[in-house]
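First comes the structure, then the notes that go with it.
Every number here is computed from the coordinates shown, using simple stated rules; none is lab data. Model, not experiment: these values are computed from the prediction. Here the Cβ positions follow ideal geometry from the backbone for every residue, glycine too, while neighbour counts run over all protein chains shown.
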Amino acid sequence: MITAVDTNVLIDVLEGDPEFGHASAAALARASRDGALIACEVVWAEVATAYQPAQEVLRDLAAFGLRFDTMSEASALAAASAWAHHRSTGGKRSRIAADFLIGAHAAGQADRLLTRDSGFHCQHFEHLRVDEP
């Protein structure tokens, strides 16, 4: 089983979030026992941006067993299609391309997505299995 991991879960764990940190860490550990953990370049960049120097956080991500997984062209195009559909049906501009890229990467290159934003991902990627912490 391949689990793509969303930024929000990683931030919860790295920051020891008092509300979500424990549940996210437990969910990450469960997913790791089930198989591979991956994150696309969007998640990698979002996490690395929050923690400088980035090399230190990359060691933490590796300790979780998380590996970098480059987004395929098909996943990038699926994200573009989902985002365009969202906007054409009146979706809010507050949703940015990164959200769609993360969902499309998981839908195309993993068996499931571990995220706290399940409603959004289920709405836009109906065949994606989404797990919440």
* Asked: Residues of the stretch 48-79 being more than 23 Å from residue 104 (Cβ to Cβ) and among the hydrophobic types (A, V, I, L, M, F, W, C), which ones?
  -> 54, 57, 58, 62, 63
* To do: Could you pull out every one of the strands (runs of 3 or more DSSP E) wholly within the stretch 1-98 that has 2 or more residues that are under 20 Å from residue 127 (Cα atoms)?
  => 2-5, 36-39
* Subset of the stretch 119-133 [among the charged types (D, E, K, R) and either buried (at least 21 other Cβ atoms within 10 Å of the Cβ) or touching a residue at least 12 places away in the same chain (Cβ under 8 Å) (or both)] -> 129, 131, 132
* To do: Among what's in the stretch 99-118 and is out of contact with any strand residue (DSSP E or B) (no Cβ under 9 Å at 6 or more places or on another chain) and not in a loop (DSSP other than H, G, I, E, B), pick the residue that is surrounded by the most Cβ atoms within 10 Å (Cβ to Cβ).
  => 104
* Asked: Quick one: what pairs do we get from the stretch 54-77, first residue free of Cβ contacts under 8 Å to residues at least 40 places away in the same chain, second surrounded by 13 or more Cβ atoms within 10 Å (Cβ to Cβ) and charged (D, E, K, R), C-beta under 9 Å, 6+ apart or different chains?
  -> 68/41; 70/41; 71/41
* To do: Mind listing just one residue for me: the one in the stretch 1-24 that is surrounded by fewer than 18 Cβ atoms within 10 Å (Cβ to Cβ) and of a type outside the set (D, E, K, R) and, of those, farthest from the chain's Cα centre (by Cα)?
  => 18
* Structure fact -> Among the residues of the stretch 1-45, the number that are of a type in the set (Phe, Trp, Tyr) and within 19 Å of residue 102 (Cα to Cα) is 1
